[in-house]
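The structure appears right after this line, and notes come after that.
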Amino acid sequence: MWDPRFEADDEISGVHDSKVDHLNCSMSSSSHVYGYGCATFLFLIALLSSIAQSQGVIINSTSASSLPSSVRRDSTTAEGKQWAVLVAGSAGYENYRHQADICHAYQLLKKGGLKDENIVVFMYDDIAFHVDNPRPGIIINKPFGHDVYAGVPKDYTGDNCTVDNLFAVLLGNKSALTGGSGKVVDSGPNDNIFIYYADHGAPGLVGMPIGKDLYAKDLIQVLKKQREANSYKSMVFYLEACESGSMFEGLLPSNWSIYAITAANGEESSYGIYCPGYYPAPPPEFLTCLGDVFSISWMEDSDLHDMSQETLQQQYEVVRRRTGYDYEDMSHVMQYGNMELSKELLSSYVGTNAANDNYATNNNIEEYPSMIPRVFDQREATLLHFWHKYQEAPDGSDKKVEAHRDLLRLHSHIRHVDRSLNHIASTLFGDENAANAMKHVRPSGQPLVDDWDCLKGLVEAYEKQCGGLSWYGKKYTRVIANMCNAGINVEQMIGASTGACSSRTPGSLQNELDK
């Protein structure tokens, strides 16, 4: 099976011969931001170069102890209720895996005894009946897996899947809702809350399908309000996203009754799995990744085992090993917040399936596949969908032409973001200082940025002048955060962005890219 990433050097040398000298991915004084996203960029270049070769087209571009069974079968106990909020932060069939993850989580919670009235689901709900879905009305989360879409509550879908509605749900504030089912977390001081969120992510933020992004500081402020309102006994937060550790690093206090684990630290990608053409592959008709490594790791563990016999710490160890050591690429699963909660049983948050009684956790490697699966950086996983869509389209068909056009638009957008951020960095810091300023990562334990309003303001200033960053460009939020930390203000960003993007022509895929 051809892997574009393995042929990147050969493909790029061909483009270099076309006098595109700045494709070199080494960090230099004239291309300090280019190198930041080199792997993803080379991946797309390789895809497009392959198409160009096949069509004769020249592309010039840049690059403990058991709980009673009654507790395990019902989310309402004498000690309180169990609540869950499930959020898929993306839209589009190319991001199938995020909604598949969320639907799988719902099925797991239902089997664990949680009631629909205590489970709130956010998802755009555009993939089950998407024209590209080979099984209309069905969503699967692993090869040969069963349907996980059936019965999932449609609480906040489409235009109602927003940050503001999410905050209203978490705070139990029905009056602040706009649309949706009206369901909120109406919890009390004896209740446990489980939150699971799956998205692309970026340093300091995760996305929502509609409207503004969810910034780390805003999330922490909402969790603080919940704490002050005494609206929970304890809370567990599982976050699947690139750079997801940045949502809690230096922000979530250890003395709150909140425990969080993330798919990655604050500097790295998380990964998609069950991707077309690679072991373990989805059914051949699926041209998209079915799941994410961190997500399927905790859910497949929960599907199999008795959660009344497994602690949060034990699951963390299983997921950390499977996510960080079993694969060719890896991310580092991280823990934040109150570590005392990690000693608690999973069943206190996700329930447990009675069918799994006495099936205790097994950390032995024999329980997992012996072959090493192929996984893909979240951003590459999205690009992979468009590549396979092009490959599978009949030659000479309208679908082939459209798929090729989509790849070229993606390439144009990536080139635009890379070039514009490079130009802005040079303008604000000068060529000699920009590389070091842009590569800087703060010491462990510090938040991404001191002034979160500055970060929002600079991102907004850039997007007004240069267009949306999208799921690809948002990885540069660390670069923009470093600008804030260096004292750059909104006026300076507007000026630099205007100079970088004065002649831009946004691609027609921009609205889709923004999701």
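The values are calculated or read from the model by the stated rules, or taken from the named source; none is laboratory data. Every value quoted in this text rests on a predicted model; they were computed, and no experiment measured them. When we count neighbours, we look across all protein chains shown, and the Cβ atoms used for this are built from the backbone with ideal geometry, even at glycine. Each accessible area value is taken on the protein alone, full model and side chains, heavy atoms only, with ligands, DNA and RNA left out. Shrake-Rupley method; radii C 1.70, N 1.55, O 1.52, S 1.80 Å.
A few comments on the model shown:
- Residue match in region 493-503 (condition: at pLDDT 95 or above, open to solvent by 50 Å² or more (accessible area, probe 1.4 Å), more than 24 Å from the chain's Cα centre (by Cα) and of a type in the set (A, V, I, L, M)): yes
- Of the residues examined, LEU67 is one that is assigned to a loop (DSSP other than H, G, I, E, B), touching a strand residue (DSSP E or B) at 6+ places or on another chain (Cβ under 7 Å) and modelled with pLDDT under 75.
- ALA150 open to solvent by 50 Å² or more (accessible area, probe 1.4 Å) and modelled with pLDDT of 95 or more: yes
- Qualifying positions in region 423-471 - in contact with a strand residue (DSSP E or B) (Cβ under 7 Å, 6 or more places away or on another chain) and hydrophobic (A, V, I, L, M, F, W, C): TRP452
- Residue within region 188-208 that is touching a Phe, Trp or Tyr at 6+ places or on another chain (Cβ under 9 Å), within 18 Å of ASP116 (Cα to Cα) and either at pLDDT below 95 or of a type in the set (Val, Ile, Thr) (or both) present: yes
- Of all the residues in region 167-188, those that are part of a loop (DSSP other than H, G, I, E, B) and either among the basic types (Lys, Arg) or on the phi > 0 side of the Ramachandran plot (or both) number 5.
- So LEU290, is it of a type in the set (A, V, I, L, M, F, W, C), within 23 Å of GLN107 (Cβ to Cβ) and surrounded by fewer than 23 Cβ atoms within 10 Å (Cβ to Cβ): no
- Only residues that are at pLDDT below 95 and either closer than 21 Å to ALA216 by Cβ or open to solvent by less than 10 Å² (accessible area, probe 1.4 Å) (or both) were counted across region 333-355, and they come to 1.
- Applying the condition of being among the acidic types (Asp, Glu) and in a helix (DSSP H, G or I) to region 104-130 and asking which residue is surrounded by the fewest Cβ atoms within 10 Å (Cβ to Cβ) yields GLU117.
- Checking each residue in region 388-411 for being small (Gly, Ala, Ser) and open to solvent by 50 Å² or more (accessible area, probe 1.4 Å) picks out only GLY396.
- Top-ranked residue of region 215-236 - restricted to ones that are assigned to a helix (DSSP H, G or I) and open to solvent by 20 Å² or more (accessible area, probe 1.4 Å), ranked as nearest to THR162 (Cα to Cα): ASP218
- Residue tally, condition at pLDDT below 85 and more than 27 Å from LEU86 (Cβ to Cβ), over region 370-393: 3
- ASN265 satisfies every condition listed in (1) closer than 29 Å to LYS111 by Cα; (2) touching a His at 6+ places or on another chain (Cβ under 6 Å) except (1).
- Single residue of VAL417, VAL441 found to be surrounded by fewer than 21 Cβ atoms within 10 Å (Cβ to Cβ) and modelled with pLDDT of 90 or more: VAL441
- Looking at SER269, SER257, SER244, SER231, just one residue is under 15 Å from ILE195 (Cα atoms), polar (S, T, N, Q) and within 20 Å of the chain's Cα centre (by Cα), and that residue is SER244.
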